[in-house]
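In what follows, a structure is listed as structure tokens, so that the remarks can point back to it.
The values are calculated or read from the model by the stated rules, or taken from the named source; none is laboratory data. None of these values were measured; they are calculated from a predicted model. Cβ placement follows ideal geometry from the backbone for every residue including glycine, while neighbour counts extend to all protein chains displayed. In case anyone asks, the SASA skips ligands and DNA or RNA and just uses the protein heavy atoms, side chains included. Shrake-Rupley method; radii C 1.70, N 1.55, O 1.52, S 1.80 Å.
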Amino acid sequence: MKIIKLKLKERSYPIYIEEGIIAKSGSLLRRLQLGSDAAIITNQYLEKKIGQRLKGSLKKYNISSKIYTVPDSEKAKSFRHCLNLIDKISKYDNNKSLFLIALGGGVIGDLTGFVASIYKRGIAYIQIPTTLLAQIDSAIGGKTAIDLPIAKNLIGAFHQPKAVIVDPGLLKSLPKRQLKAGLAEIIKYAAIKDKPLFSFLKNNYKKIISLDKKAVELIETKCIAIKTRIVEQDEKEKKGIRTILNFGHTIGHAIESAGGYNKYNHGEAISIGMICAAQISHNLKLLREENLDKIISLVRLYGLPTRIKGIALNKIMSSLAKDKKFIHGRNRFVLPVEIGKVKVISNIPQDAIRKAILKHGSCY
Ligand code: GLY
């Protein structure tokens with residue numbers, strides 16, 4: 001088993017990585033002494049597929065548990081579901097020894113973490129991420145949130161989990177489109193911080209896409225280590241260090257939102273977002289053409305979209321203007337300057353953004 005420790009003084013926690021580790025959850029959690037009752041938050045599909053197995057493993061170590069399901073979509077990150085969940089878990093919290101387990105992808109992780117952050121002014125929770133994207137990104141770092149109708153993640157808190165249990169074996173039943181969405185974030189990690197990982201992704205496509213055990217553990221471990229080190233340096237995104245994780249996310253979020261959150265999923269939108277950011281960087285003479293081409297080729301190799309199709313440019317530009325990452329109205333972009341190296345640049349002219357989007361989009 002690989003263990004990566006995220007070090008944040010009293011908020012430190014282990015991230016366990018191993019195929020089949022889900023069966024050991026009971027013993028891992030007993031050792032952490034989080035409480036005697038676990039509320040497992042998941043969806044109906046995962047309840048049947050893994051939930052009962054997880055319950056069994058907890059029971060073996062005298063942890064009682066109850067499963068609560070939420071919809072398998074972004075809808076679960078609403079006030080209604082959040083309050084409903086709090087109401088239900090409070091009734092289960094008889095022994096005053098309750099902790100939460102997020103068993104699912106990013107939506108379930110964000111919702112569970114947020115509930116854990118506000119219920120009784122904060123209780124313990126652990127993350128058992130089931131998608132590639134959640135395993136290498138959203139389950140780690142402590143940002144928790146729910147959505148408002150006007151924008152995603154507007155209500156949230158920093159609340160670190162007590163442990164993250166990553167079972168790469170769970171990826172075998174993941175739909176291909178979701179797997180690729182996670183690979184987009186892996187390309188992001190490589191592009192911002194890890195040139196050898198970028199080459200590994202380029203040279204091992206077949207192994208990775210067919211979920212070769214060694215290759216998947218290697219790329220997951222590398223990405224988790226990158227995220228962990230970044231969060232340790234800038235837990236609350238105050239020092240501009242965490243910002244680099246937003247590579248591709250500025251235009252990416254705008255594409256996601258302008259497409260009504262159903263045309264492109266998160267990974268697909270950030271794929272095009274990374275290409276547009278790389279194009280801006282190239283136009284500003286910060287990135288050589290051959291490196292721009294390398295980023296586009298890697299995105300294409302993994303079957304991720306490289307062009308925006310059928311979204312109005314104005315819609316993308318107005319979504320961009322609402323980006324909550326902007327400071328005092330000034331935009332902020334993470335621009336690659338080499339493979340494995342980025343710079344954060346503010347105040348990119350609107351015209352330069354438009355030009356990059358138009359170059360990589362058939363926008364009307
Ligand atoms: N929960 C995701 C993050 O903190 O980045």
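Taking the DSSP bridge list for the stretch 308-364 and keeping only pairs wholly inside it, about 80 percent are antiparallel. Counting every C-alpha pair in the stretch 214-297, the share spaced more than 21 angstrom apart comes to 48%. Accessible surface for Asp293 stands near 70 Å², nearest 10, in the context of the full protein assembly shown (1.4 Å probe). When a 1.4 Å probe is rolled over the protein heavy atoms, the share of accessible surface on the stretch 55-191 that falls to carbon and sulfur comes to 54 percent.
A simple charge model with +1 on the Cβ of Lys and Arg, -1 on the Cβ of Asp and Glu and nothing else charged puts the dipole of the stretch 146-211 at about 340 debye relative to its Cα centre. Note on the stretch 309-342 and the stretch 47-86: Cα centroid distance 35 Å, given to the nearest whole angstrom.
State in Å² the accessible area per residue of the stretch 207-364; use a 1.4 Å probe, count heavy atoms of protein chains only, and round to the nearest integer.
45
Accessible area per residue was computed with a 1.4 Å probe on protein heavy atoms; Ile327 scores about 80 Å².
Residues in the stretch 21-26 carry Karplus couplings, in order, of 5, 3, 5, 9, 4, x Hz; the curve used is 6.51 cos²θ - 1.76 cosθ + 1.60 with θ = phi - 60°, and Gly or Pro positions show x. Among residues other than Arg80 with Cβ under 14 Å from its Cβ, the summed charge is 0 (Lys and Arg +1, Asp and Glu -1). Of the residues Asn43, Thr144, His159, the one whose Cα sits farthest towards the positive end of the charge dipole of the chain is His159 (charges of +1 on Lys and Arg Cβ, -1 on Asp and Glu Cβ, taken about the Cα centre).
Tally the DSSP beta bridges in the chain and give the antiparallel ones as a percent, rounded to 5.
Antiparallel bridges make up about 40 percent of those DSSP assigns within the chain.
Sequence-distant contacts, meaning Cα pairs under 8 Å at least 6 residues apart, place the relative contact order of the stretch 120-193 at 38 percent. Each 20 Å bin from zero holds the following percent of Cα-Cα pairs in the chain: 31, 58, 12, 0.
Where does each of Tyr264, Tyr205 land when they are ordered by accessible area, with a 1.4 Å probe and the largest first?
In descending accessible area the options line up as Tyr205, Tyr264.
Taking 0.36 nm per residue of separation and subtracting the current Cα-Cα distance, fully stretching the chain between Lys2 and Glu217 would add 76.5 nm. Dividing the convex hull volume of the alpha-carbon atoms in the stretch 290-364 by its residue count gives 111 Å³ per residue. Note on the chain: helix-only mean residue ellipticity at 222 nm, from DSSP H runs of 4+ residues weighted -39500 (n - 2.57) and normalised by residue number, equals -13500 deg cm²/dmol. Set against the 2.2 N^0.38 Å expectation for a compact globular protein, the stretch 98-219 has a Cα radius of gyration ratio of 1.14. Above 25 Å, the calculated P(r) of the stretch 1-154 contains 23 percent of its Cα-Cα pairs. Residue-normalised convex hull volume from the C-alpha trace of the stretch 162-230: 92 Å³ per residue. Just so you know, the averaged projected area of the alpha carbon convex hull for the stretch 55-121 sits at 4.7 nm².
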